[in-house]
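Read through the structure below, which is laid out as structure tokens, and then see the notes.
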Amino acid sequence: MKSDKLFVHPLFALRRIAVPCGRSPMADARRMAALVVACVLSCAPAIAQEALKSQMDVPKPLEKSDAPNAFRVLFIGDSITLHGTSAKLAAKLGWDHVAGMAASGEARDYAHVFSGLLQGALPDRSVELYFHTYGGSGTVAQRLSAIDVVRPVEPHLVVIQLGEHEKDRSGLDKLRADLAALVTTFNAQNPPPSVICAGPWSPPPASGKSSYDGWAGEVETAMREVCAQKNIPFISVRNLAEDPACSGWGKSDGVKWHPNDKGHEGYARKYFTAWQLHQANIINDK
């Protein structure tokens, strides 16, 4: 006769799952093991993508120039914005130059292509590039924590490229709070700079299922909502990330995960269009 009492098997204790007496603990252990394997397999694409990301800071001048016609652009991002190199990294990843990964050269990364577009639109100004990749691998919180390092730049325009390194264990509420603080961190500057923000880059894993149907999509939505609340132009790069023609350059999977020259050009043109529309709105509001 089976008892109504509950037996808690040690394997289930961590999950607080009770096993009715009369059932074999070992059989349930095998079921739990199968569930663990299934969970690992379902998480594998996200784990694999995380392993493809890297960051190496590049010391760049942060003192603003004295040029009276300067138009200072501060790029806040991760490896897509700027990635350094070393002999060890070149041997490991095949990445042998300084640029936004995975552009084939500095002139082809989104920061420099975008700046070229800006220079063409601002012939009377001298567009200057400054970079903020300090604070760690690339979360919004990390860039915010080191923001004082780049305040002396006093930018006219801030371009944000983040979202790839956010962790679901940290939660969306923290991301929202951190991003809200980041996009408004220069508001006390006189005059405050314009700000443009892009959502995460997340190419589909080998399974072909869109990464944006999962965590990347949640991050993108949260970032979009914060930008809307703060009246900050937001761009999605989902269509670029999901286009196979926009990635795949390089000698290692870690480099190939990042946008190639076409992907970087797509970023640049999206940023430029957002900047143009924002400027038009500013003029119309006057």
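Listing for the model above:
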{"item": "Net dipole in debye of the range 176-282 [+1 Lys, Arg Cβ; -1 Asp, Glu Cβ; about Cα centre; nearest 20]", "result": "140 debye"}
{"item": "Nitroxide proxy distance, nm - points 7 Å out along Cα→Cβ at residue 122 and residue 107", "result": "2.2 nm"}
{"item": "Unsatisfied cross-links (Cα-Cα over 28 Å) in the set 92/270; 60/88; 64/174", "result": "92/270; 64/174"}
{"item": "Distance in nm between pseudo-label sites at residue 282 and residue 67 (7 Å out along the Cβ direction from Cα)", "result": "1.8 nm"}
{"item": "Counted charge near residue 228, where neighbours are those whose Cβ lies closer than 13 Å (Asp, Glu -1; Lys, Arg +1)", "result": "+1"}
{"item": "Peptides ranked, highest mean first, by Cβ atoms within 10 Å: ranges 274-282, 192-200, 232-240", "result": "192-200, 232-240, 274-282"}
{"item": "Ranked by how many other beta carbons lie within 10 Å on average, peptides 66-74, 85-93 from highest", "result": "66-74, 85-93"}
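Just so you know, all these numbers are worked out from the coordinates, no wet-lab data involved. Quick caveat, the model's predicted, so the values are computed rather than measured. Glycine gets a Cβ as well: all are built from the backbone with ideal geometry, and neighbour counts include every protein chain shown.
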